[in-house]
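The values are calculated or read from the model by the stated rules, or taken from the named source; none is laboratory data. All of these numbers come straight from a predicted model, not from anything done at the bench. Virtual Cβ from ideal backbone geometry, glycine too; neighbours counted across all protein chains shown.
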Amino acid sequence: PDTPLDEGEHEFTVVERDPAGNESRPSEPHVVIVDTTAPDQPVIGEVIDDVGLVQGPVDNGESTDDTTPTLVGKGEPGDTIVVIDNGTPVGETQVDEDGNWSF
């Protein structure tokens with residue numbers, strides 16, 4: 001389009017016109033959702049240690065003996081959370097319909 005599309009759902013159809021001006025029936029619709037807004041900042045709610053003698057939440061900056069602690073948090077439903085450790089992505093998880101995620 002000459003004018004940029006607004007955010008949201010757009011249902012495109014097309015017709016074909018011959019030189020005499022006759023038009024075909026419209027095509028089946030093709031829906032496109034324009035989404036240019038970044039999601040809100042996700043939140044790590046807590047990190048959970050479930051290995052060894054001392055288990056439970058691990059406070060920010062504390063130690064753990066769990067090499068695979070569980071991270072849980074909040075995000076926007078349907079989005080993907082990318083877990084990054086010291087600048088390196090280590091995995092992904094989906095935010096559920098209630099805005100919760102765990103990894």
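List of remarks:
- Filter result for Thr13 (out of contact with any Ser or Thr (no Cβ under 8 Å at 6 or more places or on another chain) and β-branched (Val, Ile, Thr)): no
- Exactly one residue out of Thr80, Thr68, Thr64 is among the hydroxyl-bearing types (Ser, Thr, Tyr), within 19 Å of Trp101 (Cα to Cα) and touching a strand residue (DSSP E or B) at 6+ places or on another chain (Cβ under 6 Å): that is Thr80.
- Taken together, the residues in region 57-80 that are loosely packed, with under 11 Cβ neighbours inside 10 Å and of a type outside the set (Ser, Thr, Tyr) amount to 4.
- Taking the criterion of being touching a Lys or Arg at 6+ places or on another chain (Cβ under 9 Å) and either closer than 26 Å to Asp6 by Cα or in contact (Cβ under 8 Å) with a residue 60 or more places away in the chain (or both), the only residue of region 41-76 that qualifies is Pro42.
- Among residues of region 77-103 that are charged (D, E, K, R), those with a beta-carbon under 8 Å from a residue that is not in a loop (DSSP other than H, G, I, E, B) at least six positions away or on a different chain give the pairs Asp79/Gln94; Glu92/Thr80; Glu92/Ile81; Glu92/Val82; Glu92/Val83.
- Filtered by the rule that a residue be of a type in the set (Asp, Glu) and at pLDDT 95 or above, region 2-19 gives Asp6, Glu7, Glu9, Glu11, Glu16, Asp18.
- The set of residues in region 1-52 being in contact with a Leu (Cβ under 7 Å, 6 or more places away or on another chain) and either over 30 Å from Thr70 (Cα atoms) or loosely packed, with under 10 Cβ neighbours inside 10 Å (or both) consists of Val34 alone.
- Within region 4-24, residues that are closer than 30 Å to Pro39 by Cα sit with their Cβ atoms under 7 Å from residues that are among the charged types (D, E, K, R) and in a loop (DSSP other than H, G, I, E, B), at 6+ positions apart or across chains, in these pairs: Glu7/Asp35.
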